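Okay, structure first, notes after.
The values are calculated or read from the model by the stated rules, or taken from the named source; none is laboratory data. Remember, it's a predicted structure, so these values are computed and weren't measured experimentally. All Cβ positions, glycine included, derive from the backbone under ideal geometry; neighbour counts span all protein chains shown.
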Amino acid sequence: MSEQNHTAPRILDVPIGLRVAGTRREFDSLGDVDVPADRYWGAQTQRSLQHFNIGDDRMPKEVYHAYGYVKKAAAVVNTRAGRMPAWQGELIQRVCDEVISGALDSEFPLYVWQTGSGTQSNMNVNEVISNRCIQLVGGTLGSQAPIHPNDHVNMGQSSNDTFPSAMHIAAYAMTTEKTVPALRRLRDALERRSRRWADVVKIGRTHLEDATPLTVGQEWSGYAGALDDAIAEVEHATRGLRKLAMGGTAVGTGLNAPAGFGEQVAAEIASMTGVAYETAANKFVAQGTLDRMVRAHASLKAAAVTLFKIANDLRWLGSGPRTGIHELVFPANEPGSSIMPGKVNPTQAEAMLMVAIQVIASDVAVTMGGAEGNFELNAFRPILISNYLHSALILGDMCDHFREFMVEGTELDQARLTENIDRSVMMVTALSPVIGYDKAAAISYYAIDHDLDLKQAALANGVSEDLFDRVVNPLALTRPGTADVADNVVAQSSKG
């Protein structure tokens, strides 16, 4: 060890980049491959680009950033155990920091549609780290010396345990740093509106038909509460991603990984990220399935269902302005029509609905891919992580846009709310315990048939004005315990 450290090469201060033209010769176990000379990747990456240039769906950069943590942690553990000289480990760690920072993002060009194990992305990382290390010691790129992509960067590892580990790290980071905070900000904005409108009475609707009254605040508290439940489920399911497959290597047995390697690497990743990652207790589960990823995405899908309901409610409640419900007035963010002047559309709600539909659809792909865990390896990993990160990203972005450009600028059409209260017949429900269901129903039908408000219909059918005013109090009917009013009236009537 001391001799190796003594002969360590000088590390050069070379900025990222290769200012050369043409190609250079790289090699792998199948032979030689020409790669662009201005790129750090090697033969296996180039083969993947040739064989899988399908569409334009690239492996998300977040996967590679997560891979940076995996490779760095492995280098720390291998160096500490004396399996590689300190200078090699430190050099690999230095380049891993460049990977984590995104400074090498342009060196990770592979498509989602590749080997289902993620081997080509793993080798893409190994090759880039190897060649960047070689550049930093003044070596010859493509020589695989003195830092070999497999023997050094991939030491003690397999694509089969590193790729699902990187998947979990990337998905956990995206969800906890992007999606959940955005969901919370939206939830809080809805709750603020709920408090603001706590005493504003409106007519409720069930089956799309008029129902008994509630307050706007109560209605919006339902939206905030639904997001509370959704956030709790996302957080619960996402915690499952803190279990990593590291240490399982090829099939879960840990062949070629030193004893305790998975535990030590996971502990290093936890230290680097501040997240309580740990090695999975059963590597055959961690590598043969992607069940934790499936469950985590299902929680995003469930949140999308909640957001769909909220956005759909709001766009209908704001419909109009003259011929719709129009209880809500949305901010005019942009002209709503290229032909109809003055039109304002609920565009943020429409975008939210489309995002929700996309996430729900993505859950089908995640579910089907997760089901294909054949024997000791799920070979549908790329489609899962691509869909997961996309869902988490667009949900987070959409929540912030929906909050900022719609929810926080929404106001009430108080005149419409008052008009609806005055014309509603379903408050006859409050009279039902006093005069009986059948008579209350008759008053309701009478009001509709004769185009009268409820009070006019009730008085026309023998209900006294005093009784009506005592029982049919819109705000009182929205408060718990107001049934006592009717109970007292019934009791007084029976005594009389």
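Some notes on this structure:
- Selection status of Val112, assigned by TED's automatic domain parsing to the domain that holds Phe52, modelled with pLDDT of 95 or more, surrounded by fewer than 23 Cβ atoms within 10 Å (Cβ to Cβ) and closer than 20 Å to Leu393 by Cβ: yes
- Long-range neighbours under 8 Å by Cβ, at least six apart or interchain, first residue under 15 Å from Asp210 (Cβ atoms) within the stretch 432-455, second among the acidic types (Asp, Glu) and in a helix (DSSP H, G or I): Asp453/Asp422
- Test: residue in the stretch 51-61 that is under 20 Å from Gly142 (Cα atoms) and over 23 Å from the mean Cα position of the chain (by Cα): no
- Failed criterion for Ala267 (all others in (1) under 26 Å from Val344 (Cα atoms); (2) out of contact with any helix residue (DSSP H, G or I) (no Cβ under 7 Å at 6 or more places or on another chain); (3) not in a loop (DSSP other than H, G, I, E, B) hold): (1)
- Residue, surrounded by the fewest Cβ atoms within 10 Å (Cβ to Cβ), within the stretch 34-67, restricted to residues that are more than 27 Å from Asp161 (Cα to Cα) and hydrophobic (A, V, I, L, M, F, W, C): Ala37
- When the helices (runs of 4 or more DSSP H) confined to the stretch 402-463 are screened for residues that are closer than 30 Å to Gln348 by Cα, those reaching at least 2 such residues are found at 414-423.
Residues checked against (1) farther than 25 Å from Asp28 by Cα; (2) at pLDDT 95 or above; (3) part of a helix (DSSP H, G or I):
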residue	(1), (2), (3)
Thr45	no, yes, yes
Asn53	no, yes, no
Tyr67	no, yes, yes
Val70	no, yes, yes
Ala75	no, yes, yes
Arg83	no, yes, no
Cys96	no, yes, yes
Ile100	yes, yes, yes
Ser106	no, yes, yes
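- Across the stretch 366-373, a minimum of one residue is classified as aliphatic (A, V, I, L, M), touching a His at 6+ places or on another chain (Cβ under 6 Å) and assigned by TED's automatic domain parsing to the domain that holds Met352.
- Looking at Asp413, Asp400, just one residue is within 44 Å of the chain's Cα centre (by Cα), more than 22 Å from Val200 (Cβ to Cβ) and surrounded by 15 or more Cβ atoms within 10 Å (Cβ to Cβ), and that residue is Asp400.
- Restricting Asp161, Asp151 to residues that are surrounded by fewer than 22 Cβ atoms within 10 Å (Cβ to Cβ), modelled with pLDDT of 95 or more and closer than 19 Å to Lys72 by Cα narrows the list to Asp151.
- Phe308 vs. criteria under 25 Å from Ile394 (Cα atoms), within 17 Å of the chain's Cα centre (by Cα) and modelled with pLDDT of 95 or more: yes
- Considering the stretch 362-396, the residues that are under 15 Å from Thr115 (Cα atoms) and under 19 Å from the mean Cα position of the chain (by Cα) include one that is surrounded by the fewest Cβ atoms within 10 Å (Cβ to Cβ), namely Ile383.
Matching residues to (1) part of a loop (DSSP other than H, G, I, E, B); (2) polar (S, T, N, Q); (3) more than 23 Å from Ile11 (Cβ to Cβ):
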{"site": "Pro109", "(1), (2), (3)": "yes, no, yes"}
{"site": "Gln114", "(1), (2), (3)": "yes, yes, yes"}
{"site": "Asn124", "(1), (2), (3)": "no, yes, yes"}
{"site": "Ile129", "(1), (2), (3)": "no, no, no"}
{"site": "Arg132", "(1), (2), (3)": "no, no, no"}
{"site": "Ser143", "(1), (2), (3)": "yes, yes, no"}
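- Residue satisfying condition, being among the hydrophobic types (A, V, I, L, M, F, W, C), under 20 Å from Thr176 (Cβ atoms), part of a loop (DSSP other than H, G, I, E, B) and under 21 Å from the mean Cα position of the chain (by Cα), within set Ala296, Ala276: Ala276
- Pairing residues of the stretch 24-40 that are assigned to a loop (DSSP other than H, G, I, E, B) with residues that are hydroxyl-bearing (Ser, Thr, Tyr) and at pLDDT 95 or above, at Cβ distances under 8 Å and at least 6 apart in sequence or on separate chains, gives Ala37/Thr23.
- Checked against (1) surrounded by 23 or more Cβ atoms within 10 Å (Cβ to Cβ); (2) in a loop (DSSP other than H, G, I, E, B); (3) of a type in the set (A, V, I, L, M), Ala259 meets all criteria but (1).
- Single residue of Tyr69, Tyr40 found to be in the same structural domain as Gly116 (by TED's automatic domain parsing) and under 26 Å from Gly247 (Cβ atoms): Tyr69
- Unique match (being touching a Gly at 6+ places or on another chain (Cβ under 6 Å), more than 19 Å from Thr179 (Cα to Cα) and not acidic (Asp, Glu)) among Pro341, Pro346, Pro321, Pro335: Pro346
- Residue that is surrounded by the fewest Cβ atoms within 10 Å (Cβ to Cβ), among those in the stretch 209-237 that are over 25 Å from Lys301 (Cα atoms) and not charged (D, E, K, R): Ala211
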